[in-house]
Structure formats: structure tokens, C-alpha cells
Amino acid sequence: MIPENLRYMESHEWVRQEDDIATIGITDYAQSEIQDIVFVELPDVGTELTHKTELGVIESVKAAFDLYSPVSGEVIEVNETLLDAPEQVNESPYEDGWFLKIRMTDPSELDSLFDADSYQAYIEAEHV
């Protein structure tokens with residue numbers, strides 16, 4: 001299931017827009033590929049992020065993966081519960097397992113991301 005109200009990156013991050021605030025996480029597809037998530041490293045509140053640059057790292061029992069920012073802006077909130085319970089990313093990637101919130105400097109960057117149908121097609125093409 002790919003939520004229709006989100007935008008998606010090729011690197012499998014999702015973004016939910018609410019006015020000028022973007023909430024960011026990874027997709028259900030990504031968490032199922034990564035599997036047992038044991039650690040999440042996220043930037044501090046106040047950090048300035050740039051569109052499609054690294055924002056942190058997620059680790060499973062088998063590997064570490066870089067996370068990328070779908071939009072530019074200032075980190076205004078980090079999901080602190082992931083520090084003690086990173087498995088929430090596996091259990092609830094679109095709700096409890098979100099990573100951070102950014103006050104966007106250029107919401108038009110969302111236009112360069114996949115919608116739900118395009119993301120579904122992208123995932124299917126990866127498995128050909």
C-alpha cells in the first residue's frame with residue numbers, strides 16, 4: 001500500500017506536506033527491504049538541509065543506508081522516540097516511524113518527486 005497523499009524519492013524517502021512543513025520518513029517498501037532496523041541517526045533541530053542531500057543514516061542488523069532529504073529547509077523537529085525504539089520504522093513507517101520535520105524553503109521542490117502511482121511504477125521497474 002502506497003499512500004496517495006505523499007510524495008516519494010528514488011531513494012525511497014517519503015514526504016508529507018502540511019503548509020510549509022514537510023514530514024519525512026522512509027516507505028514501507030524500503031523498511032521491508034532493510035528489515036530489522038536497529039539504529040537511526042538524524043540531524044539536530046536547527047540543521048539546514050538541502051534538496052536531495054544526505055540527512056542521516058539508518059542501520060539494520062545487516063547494513064547501513066544513507067537517508068536523503070526530499071526538500072530544502074530547516075529541521076524543526078526530530079522523532080526522538082526512534083532513538084530508543086528504531087523498530088517503529090519497521091512497524092509503522094508512515095505514522096509512528098517518521099524521521100523529522102522541515103520548514104521548507106522551496107515547496108516547489110516537491111514537484112520533482114514521484115506521486116504514488118509513479119513511485120509504484122518505479123518499484124516495479126526495479127524488480128524487472
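Where a number appears in this text, it was derived from the coordinates with a stated rule and is not lab data. This structure is a prediction, so every number in the text was calculated from the model and none was measured. Because the Cβ atoms are built from the backbone with ideal geometry, glycine has one as well, and the counts that use them run over all protein chains shown.
Residue-wise, which Karplus ³J(HN,Hα) couplings in Hz belong to the stretch 52-64, taking 6.51 cos²θ - 1.76 cosθ + 1.60, θ = phi - 60°, and x for glycine or proline?
Result, ordered by residue: 6, 10, 5, 10, x, 9, 10, 10, 10, 5, 10, 6, 10 Hz.
In deg cm²/dmol and to the nearest 500, what is the mean residue ellipticity at 222 nm of the chain if only DSSP H runs of at least 4 residues count, each as -39500 (n - 2.57), divided by the residue total? Kindly include the intermediate steps, with their values, before the conclusion.
Numbers: 4 runs with 26 residues, N = 128.
Helix-only estimate at 222 nm: -5000 deg cm²/dmol.
Give the span of the stretch 1-117's Cα atoms along each principal axis, as three whole-Å numbers ordered largest to smallest.
Its Cα atoms span 36, 33, 21 Å along the three principal axes.
Based on alpha-carbon centroids, what's the gap between the stretch 21-76 and the stretch 104-128 in Å, whole number please?
Here the answer is 16 Å between Cα centres.
Please compute the Cα-Cα pair-distance distribution of the stretch 1-50 with 10 Å bins starting at 0, giving whole percents from short to long.
Taking every Cα pair in the stretch 1-50, the percentages come to 20, 49, 29, 2.
If Lys and Arg each add +1 and Asp and Glu each add -1, what is the summed charge of the other residues whose beta carbon sits under 13 Å from the beta carbon of Val38?
-4
Write out the GluC sites (Glu not before Pro) in the stretch 69-122 meeting two conditions: DSSP loop, and at most 12 other Cβ atoms within 10 Å of their Cβ.
Glu80, Glu95
So for the stretch 74-116, what percent of the C-alpha to C-alpha distances run longer than 14 Å? Mind showing how you got there, number by number?
On the way: 526 of 903 pairs.
Looking at the stretch 74-116, the distances longer than 14 Å represent 58 percent of pairs.
Cα-Cα pairs above 15 Å in the stretch 51-128: how many percent? Could the numbers behind the result be given before it?
Numbers: 2039 of 3003 pairs.
Of all Cα-Cα pairs in the stretch 51-128, 68 percent lie more than 15 Å apart.
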